[in-house]
């Protein structure tokens with residue numbers, strides 16, 4: 001049986017769960033708010049993960065509450081940055 005490749009959301013969720021195992025126990029989903037769950041240092045850790053993992057570079061203007069509201073919104077940011085780097 002062939003495994004499906006991990007999605008952007010899967011990779012981000014996996015990273016967060018590896019760094020913060022208690023969140024996995026709580027059942028954090030892709031659309032659950034991260035505010036109050038991840039502090040600013042944790043967000044910087046996520047940035048440090050996604051830049052090399054997805055070959056993207058975030059600017060200060062990318063570091064908004066909206067972009068880091070949920071796992072899904074982080075994935076959308078990665079997709080947007082990936083698409084713009086291809087051009």
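From Cα pairs below 8 angstrom and at least 6 apart in sequence, can you work out the relative contact order of the chain, rounded to a whole percent? That works out to 36 percent. For the chain, the alpha carbon positions stretch 40, 40, 19 Å along the principal axes, listed from largest to smallest. Projecting label points 7 angstrom from Cα along Cα→Cβ for residue 43 and residue 55 puts them 2.8 nm apart. Per-residue extension of 0.36 nm, minus the Cα-Cα distance of residue 17 and residue 82, leaves a gain of 21.0 nm for this segment. When each of the peptides 47-59, 9-21, 69-81, 29-41 is scored by how many other beta carbons lie within 10 Å of its residues on average, the order from highest to lowest is 69-81, 9-21, 47-59, 29-41.
Read-outs: derived from the displayed coordinates by stated rules, not from any lab. These numbers come from a predicted model, not from an experiment. Using ideal geometry, Cβ is built from the backbone for each residue, glycine included, and neighbour counts are taken over all protein chains shown.
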